[in-house]
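Chemist: Would you mind keeping the following structure in view while I ask a few things?
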Amino acid sequence: MNDRTVYPLGKRRTLIVFFGLMLGMLLAALDQTIVSTALPRIVEDLGGFQHYSWVFSAYMLGATVTVPLYGKLSDLYGRRPFFLLGITLFSAGSIISGLAGSMVMLIAGRAVQGLGAGGLIPLAIAAIGDIIPPRQRGKWQGLLGAVFATSSILGPATGGWLTDNASWRWCFFVNLPLAVIALAVVWFGFARRPRREEHSIDYTGALLLTGGTAAGLLAAVWGGTEYPWGSPVVVGLFLAAAILLGLFIAHERRAAEPILPLDLFRSRTFSAATVAVFAVGAAMFSTIIYVPLFVQRVLGDSASGSGAVLTPLMLGIIVTSMVAGQLVSRTGRYRPVLIAGPPFLAAGFFLLTQLGVDSSRLVVTRDIVIVGLGIGLMMQTLTVAVQNSVSRRTIGVATASTQFFRSVGAMTGVTVMGTIVTSRLGVGGAEDAAPAALAAALHPIFVISIGLAALAFVAVLFVPHIDLRQTMEERVHPPELLEEAA
């Protein structure tokens, strides 16, 4: 079997396309973390500390609610125009944020960035499904997972260095050169779809899904912080989310071309993977948010040192993402890799529950490396399993849906766990807590994460084995191939 049979583009052109996809994914992933170390300086310059959390929340909201829309529309009209749209919106948001003269303008720029970023990660992963057959896809997906994890390491360090040596505004402007390169590769590299098909766009479904998701996420973000959980605002938002999402489900059953085809949930693989990615997203972000807090407030490390403790987590993810990709590609079996992931997660979180004021930095590092190994085994392998279980015409929406539920899991998990920590610490919060009190308040977070690992384990047990296809034999429409050089 030659390269042309395995890779419809040929190996060289596949590498060029893959490079462009990696750049787009890097843009979105890097910006999730690069601003974190710059935020104190930003607030110092612009004021508006009460809007501090919205610099993160606005980005995540924009990125989360648009993911299913990008996935479905790219299935209908091709990846190219929506990848270009995502890069353009992301770049515009970067410029607005970098030029911001107030926190309101900064938050608006971050929201626009999020609207663009919502397409970059899922479309990059979906495009891999267009050009690489399932049997070979594992090792390529593993590389994308490594890019995502590496950006999480580089983000805080880059943001801190730029803030200290130039200006926090360069945390946003630094995106632009990468965006220009990615835009050029996609513009010239991806062929336009030669045949135009007529489609009906499910505008009603898009509005209901976006409104319902936004209302639910806003309620989760505001509850216990901006407003009490029992306040009319939070209760009203949760009620609006339930009504809108209920209407969305009812509408999607009748829609000619639904934004999120409910038939996908009839697949055991898709349904089980949805539960698993939700749990993994919540567990991963609980580690990213609360382990640095433990290191800084309980162990007394510096802010930069507490951020650097995440590096071993990401290294663990990188190692097992790449190993898992190679194993899946060589053996054609993904279930053993998936089943191996949750025990690592559970073991790592169990060890984290044993941390206290006398723990060492080395012990924390050991524990989060084990957590990272579990995440890396599951993250991209679940995507390979989902893409292999659906037809090529639904790869975009299926891939985007897994990213959507991972983001919802992350925001839900962080919000619920934050409420638990706050309630245990009382009014003073982490700032006034004694180290022993904070350590005790954080223990339930890791206990909950053990439960999330157990949920992920049960979910992956329901993922059936489906032989990974060796070639791209299903050709619903020509993939978005790189154009032949003139």
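Chemist: Which pairs have Cβ atoms under 6 Å, sit 6 or more apart or on different chains, and link a residue in segment 384-397 that is within 12 Å of residue 127 (Cα to Cα) to one that is basic (Lys, Arg) and modelled with pLDDT of 80 or more?
Modeler: The qualifying pairs are 397/72.
Chemist: If you don't mind, another one. Filter segment 369-399 for residues that are of a type outside the set (A, V, I, L, M), open to solvent by less than 10 Å² (accessible area, probe 1.4 Å) and more than 15 Å from residue 148 (Cβ to Cβ) and give the result.
Modeler: 374, 387, 388, 396
Chemist: If residue 345 meets every condition in (1) closer than 25 Å to residue 384 by Cβ; (2) surrounded by fewer than 16 Cβ atoms within 10 Å (Cβ to Cβ) apart from one, which number is that one?
Modeler: With respect to (1) closer than 25 Å to residue 384 by Cβ; (2) surrounded by fewer than 16 Cβ atoms within 10 Å (Cβ to Cβ), residue 345 is out only on (2).
Chemist: Is it the case that segment 360-380 has a residue that's over 17 Å from residue 316 (Cβ atoms) and modelled with pLDDT under 95? Outline the logic, then answer.
Modeler: As a first pass, look at segment 360-380 and keep what is over 17 Å from residue 316 (Cβ atoms): 360.
Adding the requirement that they be modelled with pLDDT under 95 leaves 360.
Looking through segment 360-380, at least one residue is over 17 Å from residue 316 (Cβ atoms) and modelled with pLDDT under 95.
Chemist: Could you please let me know if residue 19 is touching a residue at least 12 places away in the same chain (Cβ under 8 Å), among the aromatic types (Phe, Trp, Tyr), within 22 Å of residue 154 (Cβ to Cβ) and open to solvent by 10 Å² or more (accessible area, probe 1.4 Å)? Walk me through it before giving the result.
Modeler: On the way: touching a residue at least 12 places away in the same chain (Cβ under 8 Å): yes; among the aromatic types (Phe, Trp, Tyr): yes; within 22 Å of residue 154 (Cβ to Cβ): yes; open to solvent by 10 Å² or more (accessible area, probe 1.4 Å): yes.
Answer is yes for this residue.
Chemist: Which of (1) of a type in the set (A, V, I, L, M); (2) part of a helix (DSSP H, G or I); (3) exposed (fewer than 13 other Cβ atoms within 10 Å of the Cβ); (4) at pLDDT below 85 is the odd one out, the single condition residue 256 does not satisfy?
Modeler: Going through the list (1) of a type in the set (A, V, I, L, M); (2) part of a helix (DSSP H, G or I); (3) exposed (fewer than 13 other Cβ atoms within 10 Å of the Cβ); (4) at pLDDT below 85, residue 256 breaks only (2).
Chemist: Would you say residue 276 is open to solvent by less than 40 Å² (accessible area, probe 1.4 Å), touching a Pro at 6+ places or on another chain (Cβ under 9 Å), modelled with pLDDT of 80 or more and assigned to a helix (DSSP H, G or I)? Before you say what the answer is, go through the steps one by one.
Modeler: Values: open to solvent by less than 40 Å² (accessible area, probe 1.4 Å): yes; touching a Pro at 6+ places or on another chain (Cβ under 9 Å): yes; modelled with pLDDT of 80 or more: yes; assigned to a helix (DSSP H, G or I): yes.
Spelling it out, residue 276 is indeed open to solvent by less than 40 Å² (accessible area, probe 1.4 Å), touching a Pro at 6+ places or on another chain (Cβ under 9 Å), modelled with pLDDT of 80 or more and assigned to a helix (DSSP H, G or I).
Chemist: Sticking with this one: So is residue 248 over 20 Å from the mean Cα position of the chain (by Cα) and part of a helix (DSSP H, G or I) or not?
Modeler: Values: over 20 Å from the mean Cα position of the chain (by Cα): yes; part of a helix (DSSP H, G or I): yes.
So residue 248 fits the description; yes.
Chemist: Find all pairs meeting these conditions: Cβ atoms under 8 angstrom apart; at least six residues apart or on different chains; first residue within segment 317-345 and without any contact (Cβ under 8 Å) to a residue 24 or more places away in the chain; second residue part of a loop (DSSP other than H, G, I, E, B).
Modeler: Cβ pairs passing all conditions: none.
Chemist: For segment 406-434, which positions are at pLDDT 80 or above and loosely packed, with under 15 Cβ neighbours inside 10 Å?
Modeler: Scanning segment 406-434 gives a single hit, 434.
Chemist: With respect to residue 224, is the statement that it is open to solvent by 20 Å² or more (accessible area, probe 1.4 Å), of a type in the set (Gly, Ala, Ser) and modelled with pLDDT under 85 true? Quick ask: steps written out before the conclusion?
Modeler: Numbers: open to solvent by 20 Å² or more (accessible area, probe 1.4 Å): yes; of a type in the set (Gly, Ala, Ser): yes; modelled with pLDDT under 85: yes.
When the stated conditions are applied, residue 224 passes them.
Chemist: Return the residue satisfying two criteria in turn: it lies in segment 196-215 and is in a helix (DSSP H, G or I) and without any contact (Cβ under 8 Å) to a residue 60 or more places away in the chain, and of such residues it is surrounded by the fewest Cβ atoms within 10 Å (Cβ to Cβ).
Modeler: Kept after step one, since they are in a helix (DSSP H, G or I), are these residues of segment 196-215: 203-215.
From what is left, the residues that are without any contact (Cβ under 8 Å) to a residue 60 or more places away in the chain are 203-205, 207-208, 211-212, 215.
Details: 203: 9, 204: 15, 205: 23, 207: 15, 208: 22, 211: 18, 212: 21, 215: 20.
Residue satisfying both the conditions and the ranking: 203.
Chemist: Same structure, new question: Quick one: which of 90, 82 is open to solvent by 20 Å² or more (accessible area, probe 1.4 Å) and either under 18 Å from the mean Cα position of the chain (by Cα) or at pLDDT 80 or above (or both)?
Modeler: Sole residue among the options that is open to solvent by 20 Å² or more (accessible area, probe 1.4 Å) and either under 18 Å from the mean Cα position of the chain (by Cα) or at pLDDT 80 or above (or both): 82.
Residues checked against (1) touching a helix residue (DSSP H, G or I) at 6+ places or on another chain (Cβ under 7 Å); (2) without any contact (Cβ under 8 Å) to a residue 60 or more places away in the chain; (3) more than 25 Å from residue 416 (Cα to Cα); (4) open to solvent by 60 Å² or more (accessible area, probe 1.4 Å):
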| residue | (1), (2), (3), (4) |
| --- | --- |
| 230 | no, yes, no, yes |
| 243 | no, yes, no, yes |
| 246 | no, yes, no, no |
| 262 | yes, yes, yes, no |
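Chemist: Output the number of the condition that residue 107 fails; it satisfies all remaining conditions of (1) crowded, with 18+ Cβ neighbours inside 10 Å; (2) β-branched (Val, Ile, Thr); (3) at pLDDT 80 or above; (4) closer than 25 Å to residue 201 by Cβ.
Modeler: Here residue 107 clears every test but (4).
Chemist: Here's a follow-up. Taking into account only those residues within segment 318-331 that are buried (at least 17 other Cβ atoms within 10 Å of the Cβ) and over 20 Å from the mean Cα position of the chain (by Cα), which is modelled with the lowest pLDDT?
Modeler: 329
The values are calculated or read from the model by the stated rules, or taken from the named source; none is laboratory data. Predicted, not measured: the structure shown is a model, and the values here were computed from it. Reconstructed Cβ throughout: ideal geometry from the backbone, glycine too, with neighbour counts over all protein chains shown. When the accessible area is computed, the model is the full protein with side chains, heavy atoms only, and any ligands, DNA or RNA have been set aside. Shrake-Rupley method; radii C 1.70, N 1.55, O 1.52, S 1.80 Å.
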